[in-house]
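Visitor: Encoded as structure tokens, here's the structure I'll be asking about.
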Amino acid sequence: MVRKSVIFPVLIIIIAVLLVITASQGRERFQYVGNAVCAECHGEEAIGNQMKIWLASPHARAFSRLSSKKAEEIAKKNCIADPASDKRCLKCHTTGEGQSPVTAKEGVGCEACHGPGSEYHRPNVHVDYENRENGYRRAVKAGMYPIRGIRALKLREKLCLSCHVKTRPCFPENGDHYKYMIPIQTVDNLQKGDVNFRHPLRR
């Protein structure tokens, strides 16, 4: 007869393993689809052409900058052999930290800030012509990051500061540090200097 003192620890281990598997499946549920899928609708002038705004932003050039002369110099100082393939650089210069083949070379794209779009990108999920808030809620349930509106300001700040921090390899050693920081005002209105990240939907 097996003692209870043996059965109990075994049950605990089994439950722990099941929880880990469940959590892993939840993370893998939402996949990146890439900017081209977003552009099918958000590249239209009728709703504001958010893709055009993104293409004019530094985020669009984030990955290509890893092949520049300046990137090579920074990489050398940080003992990085190839910034275009090093995970320390890809973490913030790509969508999905370089792990998704769909978004690995598109820079900091739509899904870097809005979340993997495999489940929410379809219009029947995130579009509601009668009640926009209902569409937004459905999208959040389907994997979109809940970053819209003033109530989500701190969440947006956390998302921005996951990359725009002094600890990143490319943060300048000298010079105007403010230029490379993201204050709460920028997180709020998505504007800083001559850079405008605002991309509202035209109704």
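Visitor: With the condition kept exactly as written, say whether any residue in region 184-195 is among the polar types (S, T, N, Q), under 17 Å from Gln50 (Cβ atoms) and out of contact with any His (no Cβ under 9 Å at 6 or more places or on another chain).
Guide: Yes, because at least one residue in region 184-195 is among the polar types (S, T, N, Q), under 17 Å from Gln50 (Cβ atoms) and out of contact with any His (no Cβ under 9 Å at 6 or more places or on another chain).
Visitor: Taking region 84-96 only, how many residues are free of Cβ contacts under 8 Å to residues at least 40 places away in the same chain and surrounded by 15 or more Cβ atoms within 10 Å (Cβ to Cβ)?
Guide: The qualifying residues number 5.
Visitor: For region 138-158, what are the residues that are under 22 Å from His42 (Cα atoms) and surrounded by 15 or more Cβ atoms within 10 Å (Cβ to Cβ)? Lay out the reasoning, then the answer.
Guide: Keep residues of region 138-158 that are under 22 Å from His42 (Cα atoms), which gives 138-149, 156.
Passing the criteria: Arg138, Ala139, Val140, Ala142, Gly143, Met144, Tyr145, Pro146, Ile147, Arg148, Arg156.
Visitor: Next question, about the same structure. What's the number of the only condition in (1) under 19 Å from the mean Cα position of the chain (by Cα); (2) within 23 Å of Ile74 (Cβ to Cβ) that Glu173 fails to meet?
Guide: Answer for Glu173: the failing condition is (1).
Visitor: Now for a separate question. Can you tell me which residue within region 27-73, out of those that are assigned to a helix (DSSP H, G or I) and of a type in the set (Asp, Glu), is surrounded by the most Cβ atoms within 10 Å (Cβ to Cβ)?
Guide: Glu72
Visitor: Still on this model: Name the residues in region 81-103 that are within 19 Å of Trp54 (Cα to Cα) and touching a Ser or Thr at 6+ places or on another chain (Cβ under 6 Å), would you?
Guide: Thr95, Gly96, Thr103
Visitor: What's the number of the condition Ala112 fails, among (1) small (Gly, Ala, Ser); (2) crowded, with 16+ Cβ neighbours inside 10 Å; (3) not in a helix (DSSP H, G or I)?
Guide: (3)
Visitor: Could I ask something else about it? All but one of (1) over 23 Å from Val33 (Cα atoms); (2) among the small types (Gly, Ala, Ser); (3) in a loop (DSSP other than H, G, I, E, B) hold for Ser118, so report the exception by its number.
Guide: So the condition that Ser118 fails would be (1).
Coordinate-derived values only; no laboratory data. Everything numeric here is computed off the predicted structure, so don't read it as measured data. Glycine also receives a Cβ, built like all others from the backbone with ideal geometry; neighbour counts cover every protein chain displayed.
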